[in-house]
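Working notes, structure below.
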Amino acid sequence: MLELVKKQIEGFVEDVDEEAVAELFAKIPQGKMLRSKLILQIAPSKEGIFLAAVVEMIHAASLLHDDVIDEANTRRGEASINAIFGNKSAIMLGDILYAKAFYKLSALDKKVAQIISNAVVELSIGELLDVQMTQNFNTDQNRYFAMIYKKTASLIEASAMSAAYMAKKDEEAFGLYGKNLGLAFQIVDDILDITQDEKTLGKPAMQDFKEGKTTLPYIYLYERLNEEDKTKLLSLFKKELNSQERAWLYEKFEETKALDDAKKRARELGLEALAVLGDEDSRLKEIMSSLIERTY
Ligand code: FPP
Ligand code: MG
């Protein structure tokens, strides 16, 4: 069924009716289609496919902008659109995909359109908070969770909720599953930034800290260090790290179990999500565990 979503997206892009857009679009690296898998699992229907295509297009647009904001040259191991064609084209392609997705969204039930469009407001606020939080070393877990909820979990939650609404299933329960799936997804993403090498990750490792992103493992680490080490950690914030400094960080992550505990937190969120749904859906269990146990 994912193939049908891809076809639907191609149809939307053809609808834009502009060769320049088709050319740029073809160069966007393919993703995992997590949101589509979730939607189709909850609402396996023609409408579900349509909604999945809309959500994937919004997601693609947000990543085009995110790569400009993060000055990222790679996405999913391939060259990003901003790296190949420059920031201006990447931003405009994002705007075109985003606007087309909203045009298509307006053909769906009003409640679905409201849930999804509201989530886009949230994810944009989340990205703004993410940018603003890089100004200082953030030690506040609540601020981190509030930001990743908006930036990443809101659209996944909205996807699950609206799919449940379309399929006449329990919106609240599936929404909560989507929210926790999204939070766990971002925590794992933040862990992989530290644990994986450039080759596996498709982007430079330990990039977050250099960009000023104090993700959950760094927050745990800071809490557990003695005063001297806290000062040292703060001195490395936003710096280009040399191999000694990287080794020091890895050693401290190991000693304090900050990474292990961040992973534990992601697993707990996963279990909480599954507890809400009960035993009814083993495929949703698989989606959760493959996401948490992934290595890239
Ligand atoms: C990835 O975060 C970014 C997001 C999940 C959201 C980005 C949202 C915007 C740029 C708002 C604009 C929205 C639209 C629809 C045009 P990350 O940088 O932590 O993840 P990464 O490692 O995948 O880059
Ligand atoms: Mg990014």
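Looking at ALA163, GLN135, ALA119, which one has the Cα that reaches farthest to the positive end of the dipole of region 106-187 (charges on Cβ: Lys, Arg +1; Asp, Glu -1)? Of the options given, the answer is ALA163.
For THR231 and ARG143, the FRET efficiency from 1/(1 + (r/R0)^6), where r spans their Cβ atoms and R0 equals 25 Å, is about 0.70. Residues whose amide H lies under 5 Å from that of ARG75, counting only those 5 or more places away or on a different chain, are SER80; hydrogens are built 1.01 Å from N in the peptide plane. Take every Cα pair under 8 Å whose residues are at least 6 apart in sequence, average their separation, divide by the length of the chain, and the relative contact order is 17 percent.
Taken along the Cα-to-beta-carbon direction at a fixed 7 Å, the label points for ALA99 and GLU251 span 5.5 nm.
Find, among the trypsin sites (Lys or Arg not before Pro) in region 255-296, those assigned to loop by DSSP (not H, G, I, E, B) with at most 16 other beta-carbon atoms within 10 angstrom. Intermediate values should be presented prior to the final figure.
Values: sites: LYS257, LYS263, LYS264, ARG265, ARG267, ARG283, LYS285, ARG294; in loops: LYS257, ARG294.
Sites meeting the loop and neighbour criteria: LYS257, ARG294.
Using a simple charge model, +1 on the beta-carbon of Lys and Arg, -1 on the beta-carbon of Asp and Glu, nothing else, what dipole does the chain show about its Cα centre, in debye to the nearest 20?
Details: 39 positive and 50 negative charges, 53 e Å.
With Lys and Arg at +1 and Asp and Glu at -1, about 260 debye.
For region 105-248, the Cα gyration tensor yields ellipsoid semi-axes of 35, 15, 13 Å (square root of five times each eigenvalue, largest first, whole Å). Counting charges near GLN244 (Lys, Arg +1; Asp, Glu -1) among other residues having Cβ under 14 Å from its Cβ returns a value of +1.
So if I take the alpha carbon set of region 118-166, get Rg, then get Rh from the Kirkwood formula, what is the Rg over Rh ratio?
Numbers: Rg = 12.4 Å, Rh = 11.3 Å.
Expressed as Rg/Rh, it is 1.10.
In order along region 127-133, the phi-based Karplus estimate (6.51 cos²θ - 1.76 cosθ + 1.60, θ = phi - 60°) of 3J(HN,Hα) comes to 5, 4, 4, 4, 5, 5, 5 Hz; Gly and Pro are listed as x.
Using the Cβ of ALA53 as centre and a radius below 15 Å, the other residues enclosed give a net charge of +1, where K and R count +1 and D and E count -1. In this structure the amide hydrogen of GLY212, modeled in the peptide plane, comes within under 5 Å of the amide hydrogens of LYS238, none closer than 5 places in sequence on its chain.
Report the extension gain between LYS210 and ASN73 in nm, rounded to one decimal, defined as 0.36 nm multiplied by the number of residues separating them, less their alpha carbon distance.
Working: separation 137, 0.36 × 137 = 49.32 nm, distance 1.51 nm.
Here the segment from LYS210 to ASN73 would lengthen by 47.8 nm.
Grab the other residues whose beta carbon is less than 11 angstrom from that of ASP66, score K and R as +1, D and E as -1, and report the net.
On the way: positive: ARG75, LYS151; negative: ASP67, ASP70, GLU71, GLU127, ASP130.
Taking every Cβ under 11 Å from that of ASP66, the sum is -3.
Evaluating kT/(6 pi eta Rh) at 10 °C and 1.306 mPa s, with the Kirkwood radius of region 165-296 over Cα pairs in the Stokes-Einstein relation, gives 98 µm² s⁻¹.
Where the alpha-carbon atoms of the chain are placed on the principal axes, they occupy 59, 47, 29 Å, in descending order.
Read-outs: derived from the displayed coordinates by stated rules, not from any lab. Remember, predicted model here, so these are calculated numbers, not experimental data. All Cβ positions, even for glycine, are placed from backbone atoms using ideal geometry, and neighbour counts span all protein chains on display.
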